[in-house]
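Single-structure report; data block below.
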Amino acid sequence: MLTRLVARGFKNLDVDVRFGPFTCIAGPNGVGKSNVFDAIAFLSALAGRSLLEAALEVRGGAGRIGDVRGIFRRVGASYSDTMSFTAEMIIPKVGEDQLGQSAEASITFLQYELRVRYNDGHPTRPQGGLQVEHESLVHINLSEAKKRLGFETTPAFRDSCVVGRRTTPYISTTTDGAVLLHADSKGGKGGGTPRKVRAQDLPRTMLSTAENAAEHRTATLARREMLSWTQLHLEPSALRAPDDFTAPTSIGHNGAHLPATLYRLAREGLSTPAGDAAVYARVATRLSELVEQIRSISVDVDEKRQLLSIVATDHRGTPHLASSLSDGTLRFLALAVMAEEVHPRAMLCLEEPENGMHPSRIPAMLRLLQQLAVNPTLEVADDDNPLRQVIINTHSPSVVTHVPDDALLVARLVPDTKRSDVARLLPLPGTWRSDLPGTSETVSKGDLLAYLDPIGPRDDDEPAPLLSPHRKVRRVKDRPDLQPLLPFHDAAE
């Protein structure tokens, strides 16, 4: 769970933001909302790939031509030379490395810092490359957990997920520019000289090399945590596709393998007293909040063609294959299936989840997203309250007006000392983020007005639609019978 992100020099970001279990980032197009997701995706990629590979995967990383300057902050024709990140996170107490070896973290509340420099004199890349300048992974004292988290928690929540003890770093950088990966074996045994590499020689972060749970158990789990930060791009074509019997049984970032995932979850349900029918029933119940006509969900198993297909049955008993369902219904269905996962992804980032949704169904979608996130007032448990986080972004007034006020962050551009605009994320006044030390700015009423009154004042000088430039066309908002129903309508107008 990512609880804090500081990002500077990455695209147009200059943010120090705290995340809760559920966070909504709102703002107009082009202000930098998606850049926050890109920063998270970049950190996640760095936990498993080389510096260059991770940079080229980011939007604007110019993957085809190999120019990574696009992810650095740009002012006019010049770019920043460095970018820096700080990520505070809660990691699982137990887990596995890539070889299936079990690992138990010595402490679960961590701070990871990384500073990366653009090297235009890279010996093997004519367009320049990236190098690590500083990297560290250290513990956060448990006594500071309540204050550092910020959002409302109970002792039961904190005691179940913020545990352990540590006094020395897991990764550190020396004054002469060497990055050290310190031993962290079970019970302190098997220690020894830390792995030491000059920062400028690292083709990847030191954290990405922590793959052996026996030697680096906490760093290994931190790496696995960051790798599980998932940015969802739920594509209708992927959601509609059936799966063959050998398909992966986890939903892809684009929504692929939905039938195989639901079938696997149902089969796992056979080991419970309620059986697989309970899994299908829970998914159908969630989906019925969006589409009232849906009565049941199942997976059709075609033995002859060896295909799995989602089938939704309506209140008249008519079956509908996933290929015939609407885009919004399929996205909602994918989220409902993810809610059944016992060992879920640690973080789900979702852009504009309202796409394909009727405005009246947006509250149901937001309820489901909040149900996916961990409840910080209860004890964390894999089967009942998994440590899962949901972050969305939107420019929809309908979404903004329905999210909890303490979950909302508004993105806006503000000038900085270099005479350029940087993206900041501002909380509402009177919420937990506004009370944190160092928080000086909050969202103004003017910034919120565009969401609270999206239609805006009537403008008689507004140009006529292009389809009828020579005559006055009455718009929906011009109808006298509807104007009293519009937000903030002045009856005396």
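The values are calculated or read from the model by the stated rules, or taken from the named source; none is laboratory data. Computed from a predicted structure; not experimentally measured. Positions of Cβ are generated from backbone atoms using ideal geometry, with glycine treated the same way; all protein chains shown enter the neighbour counts. Accessible surface areas use protein heavy atoms only, side chains included; no ligands, DNA or RNA. Shrake-Rupley method; radii C 1.70, N 1.55, O 1.52, S 1.80 Å.
Summary of computed values
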| read-out | value |
| --- | --- |
| Environment charge at PRO28 (Cβ cut-off 12 Å; Lys +1, Arg +1, Asp -1, Glu -1) | +1 |
| Cα gyration tensor category, rounded, prolate or oblate, for segment 209-284 with a/c compared to 1.5 | oblate |
| Accessible-area composition of the chain, carbon plus sulfur, in percent [1.4 Å probe] | 50 percent |
| Mean separation of Cα contacts under 8 Å (6+ apart) over length of the chain, as relative contact order % | 16 percent |
| Hits among aspartates and glutamates - C-alpha to C-alpha of LYS196 under 18 Å, sequence gap 8 or more where chains match | GLU113, GLU133, GLU135, ASP176, ASP184, GLU211, GLU215 |
| Rounded accessible area of ARG49 (nearest 10 Å², 1.4 Å probe) | 90 Å² |
| Rg(Cα) / (2.2 N^0.38 Å) computed for segment 142-211, rounded to two decimals | 1.46 |
| Proximal aspartates and glutamates relative to LYS93, as straight alpha-carbon distance under 13 Å, when same-chain residues fewer than 8 apart are discounted | GLU104, ASP159, GLU225, ASP382 |
| R0 of 45 Å, Cβ-Cβ distance THR168-SER323: FRET efficiency to nearest 0.05 | 0.20 |
| Computed lengthening from ASP384 to ALA156, 0.36 nm per intervening residue step minus Cα-Cα distance | 80.7 nm |
| Calculated FRET efficiency for the pair SER78/ASN212, C-beta based, R₀ 60 Å, to 0.05 | 0.90 |
| Rounded to the nearest 10 Å², the accessible area of VAL374 at probe 1.4 Å | 10 Å² |
| Cβ-derived FRET efficiency at R0 25 Å, GLU53 paired with GLN101, nearest 0.05 | 0.50 |
| Residues in segment 387-404 reached by a label modelled at THR377 [backbone nitrogen below 17 Å; 7 Å Cα→Cβ] | 404 |
| Area accessible to solvent at LYS196, 1.4 Å probe radius, in Å² | 130 Å² |
| Loop trypsin sites (Lys or Arg not before Pro), segment 264-334, which have at most 14 other Cβ atoms in a 10 Å radius of their Cβ (DSSP) | LYS304, ARG305, ARG316 |
| Helix-only CD estimate at 222 nm, as mean residue ellipticity for the chain, using -39500 (n - 2.57) per DSSP H run (n ≥ 4) | -6500 deg cm²/dmol |
| Cα-projected label distance for THR246 with VAL197, points at 7 Å along beta-carbon direction, nm | 3.5 nm |
| Proximal aspartates and glutamates to LYS445, defined as alpha-carbon separation beneath 15 angstrom and excluding residues fewer than eight positions away on the same chain | ASP405, ASP453 |
